[in-house]
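FYI, it's all coordinate maths here, none of it is from the lab. Computed from a prediction, not measured in an experiment: that's the story for all the values here. We place every Cβ from the backbone using ideal geometry, glycine too, and count neighbours over all the protein chains shown.
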Amino acid sequence: MSKNRIQMVAVFTLAIFCTTLAFSQQENKPKNIILLVGDGMGLSQISSSLYFNEKPSNFLRFNTVGLSMTSSSKELITDSAAGATAFASGIKTYNGAVGVNEAMEPAETIVEHISNKNIATGLVVTSSVVHATPAAFYSHQESRRMYEEIALDLVKSDIDFFAGGGLKYFKNRTDNLNLLQALRDRGFEVETNVLPKKISEKKQAIILAPDGMPKMSENRGNFLTNATMLAIGQLSKNKEGFFLLVESSQIDWGGHANDTEYLVNELLDFDKTIGAVLDFAKTNGETLVIVTADHETGGFSLSNENGDYNKVIGTFTTKGHTATMVPVFAQGPGEHLFGGIYQNTEIHSIIEKLFKRD
């Protein structure tokens, strides 16, 4: 074979390879993305699912794992507001900021970005629905403590489904606005008593507690799993796909309280929800599942009990947050993009890239 012909074959082969790779990458984009956030969940919290769980941990089902650096723009140790804003808007900002940059200017959220593409959106939390993490995905306020303003932002947002607590911020407000009626006026079916068992023909607003939802030890039951699956069923009706945020909010609260039992109960509830989501994604085939944390809380460690290396107990070093990196787990179309070590803002960048429909 002549040199020219060899070169032609090489070029042709390379062209086929590049075309195939591009096609493969295009085909590897998910239709749906579910982001599950364990607030305050570091590696030791995740490891507790191995030692305090009656069933195999669902974290063991992931093959792709990365590490996220969590510092905010002004502090080495982030809070949930700045951490969630990094996920939602892809920017580093100051602690306490909800959907705004350092200059307190609104930063476009992933919910706002993809809603313009007719992609459905939802959120399920065990805190109030106006708490820092969920708020960062639909609100723009200079402080996470501006709960009434954040609730009004939720009513005006493009969110199609939400479930959690926070009822007191929607009625009996200082401005006398009835935000429950405002939600109905915007086409929502509003439920304030029990979690519905059936998908609604309307958008759904489910607010079941005055503020945060009860602890697992206070008989919250399967709310997180059932609400998540209800959200998936509702949002799956949208032919363009969906984005769902699920937060196990109270892992963080157990860490702040230095209460191992509280923390582990919430973590195991989250583990069960992860399992249900992974089962759906496996059957669906078009869904990317991402599990991570905004930061670690409590300096939680799994230590031996009185020198006995066959007994594990939880210990803490602080009642606040820490600067440790947190794991990122991914499974589904596009999961390969989540390996490595990167800033928490990269999670937003990847999600936005995967939702690009061009």
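Per-structure values
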quantity: Convex hull volume per residue in cubic angstrom - Cα atoms of the range 273-358; calculated: 144 Å³
quantity: Potential extension, A182-S73 segment - 0.36 nm per residue separation minus Cα distance; calculated: 35.7 nm
quantity: Contact order normalised by residue count of the range 229-358, Cα under 8 Å, 6+ apart, percent; calculated: 21 percent
quantity: Förster-model FRET efficiency, 25 Å R0, R357 and V194, C-beta, rounded to 0.05; calculated: 0.10
quantity: Highest-MSF residue in the chain out of Q181, Q204, Q234 [GNM, Cα springs under 10 Å]; calculated: Q181
quantity: Value at 222 nm in deg cm²/dmol, rounded to 500, when DSSP H runs of n ≥ 4 in the chain each add -39,500 (n - 2.57); calculated: -11000 deg cm²/dmol
quantity: For the range 17-165: lysine pairs under 21 Å (alpha-carbon distance), excluding those fewer than 8 apart on one chain; calculated: 4
quantity: Per-residue Cβ neighbour rank within 10 angstrom, fewest leading, K353, K29, K92; calculated: K353, K29, K92
quantity: Equivalent ellipsoid dimensions for the range 37-152 as semi-axes, Å, which come from the Cα gyration tensor, largest first; calculated: 27, 17, 14
quantity: Under 5 Å, built H, 5+ apart or other chain: amide partners of L67; calculated: V328, G340, I341, Y342
quantity: The chain: Rg to Rh, with Rh as the Kirkwood radius over Cα pairs; calculated: 1.02
quantity: In Hz, Karplus ³J(HN,Hα) per residue of the range 71-81 (6.51, -1.76, 1.60; θ = phi - 60°; x = Gly, Pro); calculated: 4, 8, 6, 10, 10, 5, 10, 7, 10, 5, 5
quantity: Per-residue ³J(HN,Hα) for the range 295-309, Karplus 6.51 cos²θ - 1.76 cosθ + 1.60, θ = phi - 60°, Hz, x for Gly and Pro; calculated: 5, 9, 10, x, x, 5, 9, 9, 10, 7, 9, 6, x, 8, 7
quantity: Cα pair distances in the range 171-227, grouped into 10 Å bins until the bin that holds the longest one, percent each; calculated: 20, 46, 29, 6
quantity: Relative contact order (%) - the chain, alpha-carbon pairs under 8 angstrom, separation at least six; calculated: 29 percent
quantity: Cα-Cα P(r), the range 162-285, percent of pairs per 10 Å interval; calculated: 12, 38, 34, 16, 1
quantity: Sequence-distant residues sharing a close amide H with S128 (under 5 Å, placed H); calculated: G165, G212, M213
quantity: Normalised contact order of the range 237-290, rounded percent, pairs of Cα under 8 Å and 6 or more residues apart; calculated: 22 percent
quantity: Exposure rule at most 11 other beta-carbon atoms within 10 Å, DSSP loop GluC sites (Glu not before Pro): the chain longest free segment; calculated: 202-358
quantity: Antiparallel bridge percentage (DSSP; both residues within the range 31-354; nearest 5); calculated: 35 percent
quantity: Pairs of lysine residues in the range 229-358 - Cα separation under 21 Å, sequence separation of 8 or more or cross-chain; calculated: 6
